[in-house]
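Here the structure is laid out as structure tokens; the discussion comes afterwards.
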């Protein structure tokens with residue numbers, strides 16, 4: 001795994017916060033532009049997220065997402081270019097298929113797939129990025145923190 005990605009996950013997962021924590025992998029050609037615009041316009045955004053720029057959403061491995069959850073991150077977002085508008089020969093189509101499979105895996109193991117935000121092409125404008133992130137955090141607030149969920153799963157296994 002890329003050391004920059006691992007650094008972002010590890011350093012964002014520490015602390016005793018009750019507010020959800022999220023990692024957002026943002027394509028530098030689309031979502032990163034929206035994030036930059038939101039920052040320049042000083043749009044109010046949730047405080048507990050770490051933005052990790054990636055060259056393409058297809059560069060985000062499912063292992064990175066699973067590792068983020070294992071470090072106590074409550075939600076992970078993968079934001080890419082419009083489908084059909086990828087600069088890397090439609091690599092985002094492959095990413096979408098891979099992320100759909102990961103959603104099924106997350107549901108199977110008991111981590112809600114709603115903790116994984118995937119969006120292609122809807123976050124290139126600052127107001128879209130801000131609205132999407134706000135909606136994602138509202139959704140994450142409905143869930144218990146992932147570390148509490150993991151602890152409950154371990155104690156449930158011991159009872160059975």
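Computed from the coordinates by the stated procedures, all read-outs in this text should not be read as laboratory data. Just so you know, these numbers come straight off a predicted model, no measurement behind them. When we count neighbours, we look across all protein chains shown, and the Cβ atoms used for this are built from the backbone with ideal geometry, even at glycine.
Of the residues 83, 96, 105, which is surrounded by 16 or more Cβ atoms within 10 Å (Cβ to Cβ) and free of Cβ contacts under 8 Å to residues at least 60 places away in the same chain? Break it down into steps so the answer makes sense when it comes.
On the way: 83 fails: surrounded by 16 or more Cβ atoms within 10 Å (Cβ to Cβ); 105 fails: surrounded by 16 or more Cβ atoms within 10 Å (Cβ to Cβ).
Just one listed residue meets the conditions, 96.
Return the residue satisfying two criteria in turn: it lies in region 108-131 and is closer than 20 Å to residue 20 by Cα and touching a strand residue (DSSP E or B) at 6+ places or on another chain (Cβ under 6 Å), and of such residues it is surrounded by the most Cβ atoms within 10 Å (Cβ to Cβ).
115
Tell me the helices (runs of 4 or more DSSP H) entirely within region 26-124 that contain at least 3 residues that are more than 19 Å from residue 143 (Cα to Cα) and out of contact with any helix residue (DSSP H, G or I) (no Cβ under 7 Å at 6 or more places or on another chain). Can you show your working first?
Working: elements: 31-40, 62-70, 91-109.
It comes to 31-40, 91-109.
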